[in-house]
1. Could you tell me whether any residue of the stretch B:215-231 is in contact with a helix residue (DSSP H, G or I) (Cβ under 7 Å, 6 or more places away or on another chain) and closer than 30 Å to residue D:199 by Cα?
2. Looking at this structure, is residue C:143 more than 8 Å from every other protein chain (Cβ to nearest Cβ) and crowded, with 22+ Cβ neighbours inside 10 Å?
3. Among the residues of the stretch B:188-219 satisfying the criterion of being small (Gly, Ala, Ser) and surrounded by fewer than 17 Cβ atoms within 10 Å (Cβ to Cβ), which is farthest from the other protein chains (Cβ to nearest Cβ)?
4. Which of the numbered conditions does residue C:114 fail, given that it passes all the others? Conditions: (1) more than 14 Å from chain A (Cβ to nearest Cβ); (2) under 21 Å from residue D:162 (Cβ atoms); (3) open to solvent by 20 Å² or more (accessible area, probe 1.4 Å).
5. Are any of the residues in the stretch D:120-127 closer than 24 Å to residue B:138 by Cα and without any contact (Cβ under 8 Å) to a residue 60 or more places away in the chain?
6. Out of (1) within 14 Å of chain C (Cβ to nearest Cβ); (2) open to solvent by 10 Å² or more (accessible area, probe 1.4 Å), what's the single condition that is false for residue D:157?
7. Which one is least open to solvent (accessible area, probe 1.4 Å), of the residues in the stretch C:125-140 that are within 14 Å of chain A (Cβ to nearest Cβ) and in contact with a strand residue (DSSP E or B) (Cβ under 6 Å, 6 or more places away or on another chain)?
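The values are calculated or read from the model by the stated rules, or taken from the named source; none is laboratory data. Predicted model only: the values in this text are computed from it and were never measured. Cβ placement follows ideal geometry from the backbone for every residue including glycine, while neighbour counts extend to all protein chains displayed. Areas reflect the complete protein model, heavy atoms only, side chains present, ligands, DNA and RNA absent. Shrake-Rupley method; radii C 1.70, N 1.55, O 1.52, S 1.80 Å.
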4 protein chains.
Amino acid sequence: MERDVLEDLAAASRILVDQGVFDAAGHVSMRHPHDAGRFLMSRSLAPALVTAGDIMEFTLDSQPVDAHGPKPFIERYLHGGIYARRPDVMAIAHGHSAAVIPFGLVATPMRATYHNAAFLAAGVPVFDIRERFGATDIVISSAERGAALADALGDKAVVLLRAHGFVAVAPDLPSAVFRAIFTEVSARVQLQAEALGGPIAALDHEEGRKADAINLATVGRSWELWKRRVS
Amino acid sequence: MERDVLEDLAAASRILVDQGVFDAAGHVSMRHPHDAGRFLMSRSLAPALVTAGDIMEFTLDSQPVDAHGPKPFIERYLHGGIYARRPDVMAIAHGHSAAVIPFGLVATPMRATYHNAAFLAAGVPVFDIRERFGATDIVISSAERGAALADALGDKAVVLLRAHGFVAVAPDLPSAVFRAIFTEVSARVQLQAEALGGPIAALDHEEGRKADAINLATVGRSWELWKRRVS
Amino acid sequence: MERDVLEDLAAASRILVDQGVFDAAGHVSMRHPHDAGRFLMSRSLAPALVTAGDIMEFTLDSQPVDAHGPKPFIERYLHGGIYARRPDVMAIAHGHSAAVIPFGLVATPMRATYHNAAFLAAGVPVFDIRERFGATDIVISSAERGAALADALGDKAVVLLRAHGFVAVAPDLPSAVFRAIFTEVSARVQLQAEALGGPIAALDHEEGRKADAINLATVGRSWELWKRRVS
Amino acid sequence: MERDVLEDLAAASRILVDQGVFDAAGHVSMRHPHDAGRFLMSRSLAPALVTAGDIMEFTLDSQPVDAHGPKPFIERYLHGGIYARRPDVMAIAHGHSAAVIPFGLVATPMRATYHNAAFLAAGVPVFDIRERFGATDIVISSAERGAALADALGDKAVVLLRAHGFVAVAPDLPSAVFRAIFTEVSARVQLQAEALGGPIAALDHEEGRKADAINLATVGRSWELWKRRVS
């Protein structure tokens, strides 16, 4: 594997800590650049500490390619389930940021409050693990749970996990990081807008589609800054 | 006493500052590892400054074992009262974080808003010192007040002190730190969810019990990160 | 161009990051000090990274004077449109701070919650790009959009862009930075005051006019501090 | 003047920046330790930059003792007015923290949400400069305005200035810093408690009186930490 790919994936993990999206937990993965049937993800480790040497390789059923490797994250099934169902997804971030969780607990849907959150305008489904699995420990710890979560995500960019967190997916790694960050920021904006009351003039579907295209094309400017901060 | 025990307890104090749970006040203690009838706690000192050399030893009636030692915290009775009543408790953290205090002032009970706060799903009682002691200075400054607080805690993991703060207890030191941190984070999440309005799909008792077991088993990953940040 | 002019403009960009108004995006410009028909603005770059060497020169129709220069910001039209319409404006800041965006999404108008936000007392219009351009990518990416935004600004100090951000203008660079900062702070104050409920005793027009004059006269004290922090 | 007195007063200014109470503005003063008819206060300077050499001496009518000294703060009249009216006051802090300003704008009175804010339990008056001076620039820039503000403060520890900020007074410098900090923290707590809704079980007058006595007696522990952080 090219060293810079591993370093970018490790940097993505540290970026999401630096930007306040991850705390002592959270993980980010990317599809293997040369093998669409595999993905790359850190071993089980606090995201602030991840470096290139911690990256492991998994098959799409979330099994480590190296059976003698380090301990993987339990929730790798969340990533495998989505890569298996969504061939367009090349990178995934999963975290528990405090501003996002409320929208998985109440009936208010997340909106795209501004252009940076354009990817939310298509809708943000909520996955309630109880509906299919009853009372659980909430963790996406099996292929079945990963597949059910992927079903809930559908063709969207973000899915909320009730009483747990969120997952953001994207066509490349910088965009997955961008979407994780602005899922969190937009949640904060919406919490404040909802508190003011009355209808919220969020982006509509068409505005969201157009603004998202610009964001995907210009994400490099932000990515370079974010990476520099954690280097 | 083993040096690493003292250093872990001192680190716990600094961690809770670093994580925004303690300010210039707050204290954390642990039961003596070789004598269930004693506990360990810093001398009276801002928690950011505590090092291994500041740790004192107390009997369960909150008296210093060394009568010629430094000045102890007045609120050591809070710790002693709980260790006396709850043999399962091995560590205790007490602080005044701004997001938690509101839930001790109003009728809204704290909920377990996500898996990291699973320990709240069993319920979070509120201790109002007025009910038993009338108008006081609020401080848990006597064995009677400590015992009354321990009664209010009952078999729970967290108790709120009206117009004062919170206490989190756990079966080991890293878990007490974890619970103090996620009491604060979950309070922030709930404040936001309540502001959105409508019912909150928090963890129920069974989900809380299951998720808490996972948290207790995996707390080491967070603890290592938190400790590294204050070393 | 005098070196200190370029360095002040670059510092303004970094100040607005340091003060929490800009994130990985946002830009600040100033009218050319010797040619009222031109303005100065960074090349397309994260604002935290801008230095004097990144400053470009533009005509008021937002075209780079040096056709072979680096890549400019797409949104330079926002700046050109305002400089063309408002000869009194000497500096402009545009950002997307989370506390301000809500006021572009709902019906509640921004108020001048305290003396530092006095420039808001004259009123804060909202520019909704849909009204003139239909469903867009939200970006102020043409002279037409820039002119429409300038129309919406009118003779005010701040205009909100629906689902996008804000623009603050001023008679000099430090005052534009000051107004960008206190637009954000006042938005936070107002969000909290609105949550308490009831009428808000904000500055009236006359108080705003008087307090703004003091602010413009004393901005140097804050500017020196802000600049020192990013030097 | 003893050097450590000047250094403590300068440190108080930097502490209030470090603790998030002051931004680029705000000032703190103390009564002259050897002459009750004078007070000490920094020259006009951003509070983060104040050192011992910046401290000036004033008479109680807010005139500099050294007519050839540096430029004083305009708002020195706020300090002089209070020292003249309140012989028990030995130190004063004035700032514009974002969480406090809302309570000067709406009808909701500030409460003592927890023991650290006990000094608020006696009541927090609001000074509206319009009532006596009509439409002004809001600044306490004359002896008349200073005296009117002192009247509004009465015998309390804190007064809010409508659309401006707050003033905290105390019997010594560390306690004035303590009260400024916990005015801000308690405001944040109350904003959150009010958002939850229903009655707030704040400290009553008697609890506040008792808890305040403890705080005044133990402020040294916090003061040492705060001072160390800005040394």
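1. no
2. Values: more than 8 Å from every other protein chain (Cβ to nearest Cβ): yes; crowded, with 22+ Cβ neighbours inside 10 Å: no.
Judged against the criteria, residue C:143 is not a match.
3. Keep residues of the stretch B:188-219 that are small (Gly, Ala, Ser), which gives B:193, B:195, B:197-198, B:201-202, B:208, B:211, B:213, B:217.
So of that shortlist, the ones also surrounded by fewer than 17 Cβ atoms within 10 Å (Cβ to Cβ) come out as B:197-198, B:213, B:217.
Details: B:197: 7, B:198: 5, B:213: 7, B:217: 10 Å.
Of everything passing the filter in the stretch B:188-219, B:217 is farthest from the other protein chains (Cβ to nearest Cβ).
4. Among (1) more than 14 Å from chain A (Cβ to nearest Cβ); (2) under 21 Å from residue D:162 (Cβ atoms); (3) open to solvent by 20 Å² or more (accessible area, probe 1.4 Å), residue C:114 violates only (3).
5. Yes, some residue in the stretch D:120-127 is closer than 24 Å to residue B:138 by Cα and without any contact (Cβ under 8 Å) to a residue 60 or more places away in the chain.
6. With respect to (1) within 14 Å of chain C (Cβ to nearest Cβ); (2) open to solvent by 10 Å² or more (accessible area, probe 1.4 Å), residue D:157 is out only on (1).
7. C:127
Yes/no matrix, rows are residues, columns are (1) part of a helix (DSSP H, G or I); (2) within 30 Å of residue B:42 (Cβ to Cβ); (3) at pLDDT below 95:
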{"position": "D:147", "(1), (2), (3)": "yes, no, no"}
{"position": "D:151", "(1), (2), (3)": "yes, no, no"}
{"position": "D:169", "(1), (2), (3)": "no, no, no"}
{"position": "D:178", "(1), (2), (3)": "yes, yes, no"}
{"position": "D:183", "(1), (2), (3)": "yes, yes, no"}
{"position": "D:213", "(1), (2), (3)": "yes, yes, no"}
